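Enquirer: Supplied in structure tokens, the structure appears directly below.
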Amino acid sequence: MSTFAGKVALVTGGSSGIGRASAIKFGQHGAKVVVAARREKEGNETVEMLRRAGGEVMFVQTDVRIASQVENMVNQTLKKYGRLDIAFNNAGVGGIMARLVRTTEEIFDEVADTNFKGVWLSMKYEIPVMQKQGGGVIINNASIAGVSTAERLGVYSGSKHAIVAISNAAATEYGRDNIRVVAICPGWINTRMTEELRAQKDADALIQSSVPLKRIGEPEEVAETVIWLASDAASYVSGGAFIVSGGMGV
Ligand SMILES: NC(=O)c1ccc[n+]([C@@H]2O[C@H](COP(=O)([O-])OP(=O)(O)OC[C@H]3O[C@@H](n4cnc5c(N)ncnc54)[C@H](OP(=O)(O)O)[C@@H]3O)[C@@H](O)[C@H]2O)c1
């Protein structure tokens, strides 16, 4: 029997990168999948990929910074599939790498609102559904920058530390409701977010010198970790920050 037969998985930021790879894997493992993001065309591309692989899936256009849209995302999930078992709160932005003094208020708000407020809002609407159902699993995408930091990463890193903290708070508050909550901390992954890094002349040398496994990670490698954490194989895993970085930043 499939790992997630009869289960419903919601993936925010499912229109590309780690979210898309995870949505496809959830579908391949038998879950019904809800893909949420702002870009309709790319969101529907994920839906098409999953449908071609035989999965049941829908797209809900959502900006995770806006409470009414996050509430709608959860309501649409219940309307279509009647339950919510797994939430991968993955939507996030990198902002612009800049020292703290040079960071604008606009960038601060975009990064903090998407990464931290977005994860909080998602859990705010997901948790009551899981409580009523008798349990669930929430995986929040932080970053290796959520457990360490670097120059010109201060605001992004702060938002990701906040995700680790609020995930631990949720694991503490809702374990009694049989809800597991875990933060994941990927290192450099081959997605739109690292395009600029990968375009640098010295990108290969930088990766070789920073990543013990000497290569960038693929979104599917993070997705495999997400699948495991969401499955019953990880039934005693709750709280903490799960590093998926090829050894970088540990
Ligand atoms: N790539 C890395 O090296 C790396 C490392 C550590 C952590 N991460 C984290 O991994 C997550 C996914 O990033 P990625 O690497 O897969 O890059 P990506 O391809 O750029 O994916 C980011 C996703 O977040 C969505 N998103 C952004 N703002 C949103 C908003 N306001 N509302 C709803 N969705 C929003 C985007 O969709 P729309 O634009 O369509 O809304 C997109 O689907 C992020 O949280 C990122 O911080 C990435």
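Values quoted throughout were computed directly from the atomic coordinates according to the rules given, and no laboratory measurement underlies them. Everything numeric here is computed off the predicted structure, so don't read it as measured data. Quick reminder, even Gly has a Cβ in these numbers, built from the backbone with ideal geometry, and neighbours come from all protein chains shown.
Enquirer: So what is the relative contact order for the range 8-244, in percent, with contacts set as C-alpha pairs under 8 Å and at least six apart?
Expert: Reported as a whole number, the value is 20 percent.
Enquirer: Restricting to lysine pairs 8 or more places apart or on different chains, what number in the range 1-98 have Cα atoms under 18 Å apart?
Expert: Final tally of qualifying lysine pairs is 6.
Enquirer: For the range 161-205 and the range 106-160, what is the separation of their C-alpha centers, rounded to whole Å?
Expert: Measuring centre to centre over Cα atoms gives 8 Å.
Enquirer: Length gain on complete extension for the stretch ASP109 to ILE96, per 0.36 nm per residue less the alpha carbon to alpha carbon distance?
Expert: Numbers: separation 13, 0.36 × 13 = 4.68 nm, distance 1.20 nm.
Computed gain between ASP109 and ILE96 is 3.5 nm.
Enquirer: 222 nm [θ] for the chain, helices only, -39500 (n - 2.57) per DSSP H run of 4+, per residue, to 500?
Expert: Values: 9 runs with 109 residues, N = 250.
Counting only the DSSP helices, I get -13500 deg cm²/dmol.
Enquirer: Less than 20 Å from a label point 7 Å out along the Cα-to-Cβ axis of ARG152: which backbone N atoms in the range 182-210 qualify, by residue?
Expert: Label zone hits: 187-210.
Enquirer: What is the angle, in °, between the Cα long axis of helix 219-230 and the longest principal axis of the Cα atoms in the chain? Nearest 10 is fine, range 0 to 90.
Expert: 40
Enquirer: What's the FRET efficiency of LYS41 with GLU224 using the Cβ-Cβ distance as r and R₀ = 45 Å, to the nearest 0.05?
Expert: The value I calculate is 0.95.
Enquirer: Normalized C-alpha radius of gyration of the range 1-100, against 2.2 N^0.38 Å?
Expert: 1.07
Enquirer: With every atom except the alpha carbons ignored, what do you get for Rg and Dmax of the range 8-244, in angstroms?
Expert: 17.0, 52
Enquirer: If I fit a long axis through the Cα atoms of helix 154-174 and take the longest principal axis of the Cα atoms of the chain, what angle between them do I get, 0 to 90°, rounded to 10?
Expert: Helix 154-174 sits at roughly 30 degrees to that axis.
Enquirer: For ASN75 and LYS124, calculate 0.36 nm times their separation in residues minus their Cα-Cα distance, and state this gained length in nm to one decimal.
Expert: 16.4 nm is the gain from fully extending ASN75 to LYS124.
Enquirer: Using packing as a proxy for protection, rank 48-56, 63-71 so that the peptide with the highest average count of other Cβ atoms within 10 Å comes first.
Expert: 63-71, 48-56
Enquirer: A further question on this structure: Lysines near LYS201 by alpha-carbon distance under 28 Å, same-chain residues fewer than 8 away left out - which ones?
Expert: Excluding near neighbours in sequence, the set is LYS160, LYS214.
Enquirer: Let me ask you something else. At what distance in angstrom do the alpha carbon centres of the range 4-29 and the range 216-244 lie from each other?
Expert: So the two Cα centres are separated by 13 Å.
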